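What follows is one structure encoded as C-alpha cells, with my remarks underneath.
The values are calculated or read from the model by the stated rules, or taken from the named source; none is laboratory data. Keep in mind it's a predicted model, so treat the numbers as computed, not measured. As a convention, Cβ positions derive from the backbone with ideal geometry for all residues, glycine included, and neighbour counts pool all protein chains shown. With ligands, DNA and RNA removed, areas are computed over all heavy atoms of the protein, side chains included. Shrake-Rupley method; radii C 1.70, N 1.55, O 1.52, S 1.80 Å.
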Amino acid sequence: MQQLMAQAQRMQAEMAKKQEQLAQQTVEASSGGGMVTAVVNGAHQLVDLKIAPEVVDPDDVEMLEDLVKAAVGEALAKSDAMVAQGMSAVTGGLNIPGMR
C-alpha cells in the first residue's frame, strides 16, 4: 500500500511539473488568411493577438469579431490538444478527471 501511495505521489509531482512546462509553451492560430492571429499558452491564456490594420473596418465590425473569435477558438483547441498530449506522456494515457 505504501508503494502505491509513493507511486501516486511521484505521478502527482510529475504532472505538476508537466503542467508548469506546458504553461510556458504557446500555440498559434490565425483566421482570415492570417489577418488575425492569436497566441495561447498551455494554461489557456491568450498571450498575444495581432490584427492586420486592413481588416479593421468601422462599417463591418462583425467581420472582425468573427475573425477574432475564430482565431482564438482555434488557438484554444490547439492548446487543449497540446496539454492533452503532454499530460498523456505523464499519465500513460490514463484519463484523470480535472486534468487537462
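Across bins of 5 angstrom width beginning at 0, how are the C-alpha pair distances of the range 1-70 distributed, in whole percent?
Distribution as computed: 3, 15, 17, 13, 10, 9, 7, 7, 6, 5, 4, 2, 1, 0 percent.
Could you check how much of the accessible area of the chain is carbon and sulfur, as a whole percent, using a 1.4 Å probe?
Reported share for carbon and sulfur atoms: 53 percent.
Tilt of helix 2-24 relative to the longest C-alpha principal axis of the chain, in degrees (0 to 90, nearest 10)?
That works out to roughly 20 degrees.
I need the peptides 14-22, 74-82, 50-58 ranked by packing, meaning the mean over residues of other C-beta atoms within 10 angstrom, with the highest value on top.
Listed from highest to lowest mean packing, they are 74-82, 14-22, 50-58.
Among A43, Q19, A29, which residue has its Cα positioned farthest towards the positive end of the charge dipole of the range 1-57, with +1 placed on the Cβ of Lys and Arg, -1 on the Cβ of Asp and Glu, and the dipole taken about the Cα centre?
After comparing all options, I get Q19.
Straight-line reach from K50: which aspartates and glutamates have Cα under 16 Å away, leaving out those fewer than 8 places along the same chain?
Those aspartates and glutamates meeting the cut-off are E28, E65, D66, E74.
If each residue of separation counts as 0.36 nm, what is the full-extension length gain between D59 and A23 once their alpha-carbon separation is subtracted?
Numbers: separation 36, 0.36 × 36 = 12.96 nm, distance 3.78 nm.
In short, 9.2 nm is gained.
For the Cα atoms of the chain, what angle does the longest principal axis make with the long axis of helix 61-91, in degrees from 0 to 90, nearest 10?
Tilt relative to the chain: about 20 degrees.
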